[in-house]
1. How much length, in nm to one decimal, is gained on full extension between Ala209 and Asp91, taken as 0.36 nm per residue of separation minus their Cα-Cα distance?
2. Divide by every residue of the chain the summed helix terms, -39500 (n - 2.57) for each DSSP H run of at least 4, and state the resulting mean residue ellipticity at 222 nm, rounded to the nearest 500 deg cm²/dmol.
3. Could you line up Cys99, Cys52, Cys44, Cys67 from fewest to most neighbouring Cβ atoms inside 10 Å?
4. Looking only at Cα atoms, what is the convex hull volume of the chain per residue, in Å³?
5. About the Cα centre of the range 66-156, how large is the charge dipole given +1 on each Lys and Arg Cβ and -1 on each Asp and Glu Cβ? Please answer in debye to the nearest 20.
6. Using the alpha-carbon centroid of each, what span in Å lies between the range 177-206 and the range 63-117?
7. Nearest 20 debye, what's the magnitude of the dipole of the chain about its Cα centre given +1 on Lys and Arg Cβ and -1 on Asp and Glu Cβ?
8. Could you calculate the contour length gain from Leu176 to Arg72, that is, 0.36 nm times the residue separation minus the distance between their Cα atoms, to one decimal place in nm?
Amino acid sequence: MKRAQSALFDRLAAGDRLYTYPQESLDKLNALVPAKGRTLDVGCGDGTIPECFDADFTAGFDVSFRCAQLARSRGIRAAVADAANGLPYADETFDTIYCVDVLHHLEQRWEPVFAELNRVLRPGGTLAIVEPDARNPFVRWTQAPGSPIRVAPYDNEPAIDPAELTPFLERRGYELTVRPIHIEGEQVERSVFPLWQRLAKAPFTLALAFQYRNQPNKFVILARKQD
Ligand SMILES: C[S@@+](CC[C@H](N)C(=O)[O-])C[C@H]1O[C@@H](n2cnc3c(N)ncnc32)[C@H](O)[C@@H]1O
């Protein structure tokens, strides 16, 4: 699984960018945690998101070598690491941890990830999680494994309902808020599906996108670790 993810994202990030985001979406992500201090971005991708953080310093890691390389080129102290294995940071290193669009790639191996994030976050620190929201039918069906209108590049990255994640934080005593957020972003590499498949899916995905246009595509969990 880890190898499949790293190979996929090495390929998707072969150019100099993995995704493009409008500035408004980057600003929304940056604003989630106002005083960030020492910040870690989990699954930092090509570094586009952490590059916009106004933090004291920003570290990141990604399972994809190419993503970590691109993130470093954008000034992020990026390492190659697997979120579900031991992380290369000392206990309580970070004041803030962001994790944007990564947990749905982990095939629900969430317990070891939350254990490690809890270890490296300082008491009183904030964990900000953003994920595609399975409660939005457009998001659910374009991400679902085996869906005929899947546009997600990997066939096992279903969108998440926040209620699947909150127990991991509640049992560690975090104070939580969960709310919707709308983030636009475009994958740069479009060759995952052949053109004919993209054309065949387009009427259905566009119709669903239109029907659910007012429903946010993601949720954010802001979790404060106990002092
Ligand atoms: C959908 S992309 C999101 C990238 C970035 N956070 C963003 O939102 O633009 C998912 C990222 O998670 C990384 N990833 C997938 N599995 C991972 C794992 N087990 N450990 C660390 N990173 C992982 C991928 O390589 C990819 O960069």
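Values quoted throughout were computed directly from the atomic coordinates according to the rules given, and no laboratory measurement underlies them. None of these values were measured; they are calculated from a predicted model. Glycine gets a Cβ as well: all are built from the backbone with ideal geometry, and neighbour counts include every protein chain shown.
1. Length difference between fully extended and current span is 38.2 nm.
2. One gets -9500 deg cm²/dmol as the mean residue ellipticity at 222 nm.
3. Least to most surrounded, the residues fall as Cys52, Cys99, Cys67, Cys44.
4. Hull volume normalised by residue count: 111 Å³.
5. That gives a dipole near 320 debye.
6. The distance from the Cα centre of the range 177-206 to that of the range 63-117 comes to 24 Å.
7. Once rounded to the nearest 20, the dipole reads 380 debye.
8. Length difference between fully extended and current span is 34.3 nm.
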